[in-house]
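The values are calculated or read from the model by the stated rules, or taken from the named source; none is laboratory data. A quick note: this is a predicted structure, and the numbers were derived from the prediction, not measured. Glycine also receives a Cβ, built like all others from the backbone with ideal geometry; neighbour counts cover every protein chain displayed. What goes into the accessible areas is simple: the full protein's heavy atoms, side chains included, and nothing from ligands, DNA or RNA. Shrake-Rupley method; radii C 1.70, N 1.55, O 1.52, S 1.80 Å.
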Amino acid sequence: GMLNEFSYVESSSYYTSTTSKDALKLIQENYPKFHGRGERFAIVRPFCAFDAGSLPTTFDIWETYPPCDLESKEAKNTHMPVDLFLSYSQTYSENEKPVQSVDEIIQNFYDGKYEWSVCFENVYAIEMNIRAEFDINIPPVQKDLSYWVNGPNRQFEREFRTIQSKEWGSYDTFYSMESDSIPKKKNWLNAILEEVERKQPFAILGSNFQIETESFWNDFNKDYIGTDNIEPFKKERTCGNQIYNVSHPLLEAFVSHLEVEAPSPYNSIPFGDRLVQLMREGMFREIAKIHPRIMLNDEGNKITLANNTDMLRRWVNLYSPLERKEELDPFKTTG
């Protein structure tokens, strides 16, 4: 009832599922602040059913290393307004744990328990509506199941589309900041915003300069053949924790391609790695390797993959002219 006049009720079942009167009251009192028109920046925190309960604790480190300068008396975010998106892989109305976690974060955010809340204008709860049986992330079977990482892959595409839709505000760029992205310095958000301004236009900006990703990905990636031939990016990539430009035509083409190849063996490659592979195939005709067992269908016959090289080369040349040296690498890195 209370929130029906608000546009985002349609977009996320959190707002109709929460039973927290405190959270609802705070959401109403703090209905989106859009200070001035113009560009905004989004930080998207993806989470799934498995880690929904611990979501609030992932922000504890922000108390130690606040995103912006809490001491300064001027505007907190020097460059542009920033919103925080809590992105649940499934659907809030079907599971109370994520709803309760978001309740807690929203209450802490709006009633001032988080000192860092001054760094952001709004916090939103979005959902990616992946059905539970497809919301899968099982690294130990990455050599056998083409859909072992289907959950994160679909979640990323849908987050990209959600931010791009402008339904929640006008964003060119968003930072996908998984809960294993641990800030190591104060004022890291301002550093990111400066970097974004300095490096425009980019399709993807690697963001490991002030944030370390402490995760199991590194161990699993050691024997993950997909990364053998993309050595130059290894040191600069922290799986999917990057800054994505939703208005860049090359990234738009690549994300559309990820959506199209979802039913194919390429779905066995985590989206962060796959985006780099698409770029390298377009630039150097390098074709990614896939684990041999994933290349077999149910009858045990080898699956034939579509040949995308010419199309990818066309996109790279069209949207990122190679003769312009400074644009050779739309996947820029910070620092």
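A few comments on the model shown:
- For the condition at pLDDT below 95, open to solvent by less than 30 Å² (accessible area, probe 1.4 Å) and closer than 22 Å to Glu195 by Cα, Pro67 qualifies.
- Taking each residue of the stretch 263-277 that is open to solvent by 10 Å² or more (accessible area, probe 1.4 Å) and looking for partners that are of a type in the set (Phe, Trp, Tyr) and part of a helix (DSSP H, G or I) with beta-carbon atoms closer than 7 Å, six or more apart or interchain, yields Phe271/Phe156.
- The residues of the stretch 280-314 that are without any contact (Cβ under 8 Å) to a residue 24 or more places away in the chain, at negative phi, assigned to a loop (DSSP other than H, G, I, E, B) and not polar (S, T, N, Q), listed by number, are Ile287, Asp298, Glu299.
- Subset of the stretch 164-182 that is buried (at least 22 other Cβ atoms within 10 Å of the Cβ) and among the hydroxyl-bearing types (Ser, Thr, Tyr) - its residue that is modelled with the lowest pLDDT: Ser181
- The residue that is most open to solvent (accessible area, probe 1.4 Å), counting only those in the stretch 147-163 that are out of contact with any Phe, Trp or Tyr (no Cβ under 8 Å at 6 or more places or on another chain) and assigned to a helix (DSSP H, G or I), is Arg158.
- Count - residues of the stretch 55-68 that are touching a helix residue (DSSP H, G or I) at 6+ places or on another chain (Cβ under 9 Å) and either within 14 Å of Ser87 (Cα to Cα) or among the aromatic types (Phe, Trp, Tyr) (or both): 5
- Complete set of residues in the stretch 12-43 that are among the β-branched types (Val, Ile, Thr) and closer than 15 Å to Ser117 by Cα: Ile27, Ile43
- Subset of the stretch 124-143 that is assigned to a loop (DSSP other than H, G, I, E, B), in contact with a helix residue (DSSP H, G or I) (Cβ under 8 Å, 6 or more places away or on another chain) and among the aliphatic types (A, V, I, L, M) - its residue that is most open to solvent (accessible area, probe 1.4 Å): Ile136
- Of all residue pairs spaced 6 or more apart or on separate chains, those with beta-carbon atoms under 6 Å, a first member in the stretch 102-119 that is touching a residue at least 12 places away in the same chain (Cβ under 8 Å) and a second member that is among the small types (Gly, Ala, Ser) are Val102/Ala125; Asp103/Ser20; Asp103/Ala23; Ile106/Ala23; Gln107/Ala23; Phe109/Ser117.
- Residue within the stretch 205-217 that is surrounded by 14 or more Cβ atoms within 10 Å (Cβ to Cβ), at pLDDT 80 or above and in contact with a strand residue (DSSP E or B) (Cβ under 9 Å, 6 or more places away or on another chain) present: yes
- For the stretch 48-56, the criterion of being at pLDDT 95 or above, within 26 Å of Trp188 (Cα to Cα), part of a helix (DSSP H, G or I) and of a type outside the set (Gly, Ala, Ser) is met by at least one residue.
- Flag if Glu252 is part of a helix (DSSP H, G or I), among the acidic types (Asp, Glu) and surrounded by fewer than 22 Cβ atoms within 10 Å (Cβ to Cβ): yes
- Asn190 vs. criteria touching a residue at least 24 places away in the same chain (Cβ under 8 Å), of a type in the set (S, T, N, Q), surrounded by fewer than 22 Cβ atoms within 10 Å (Cβ to Cβ) and not in a loop (DSSP other than H, G, I, E, B): yes
- Residue count for the stretch 111-123 satisfying the condition of being outside any loop (DSSP other than H, G, I, E, B) and under 27 Å from Glu157 (Cα atoms): 3.
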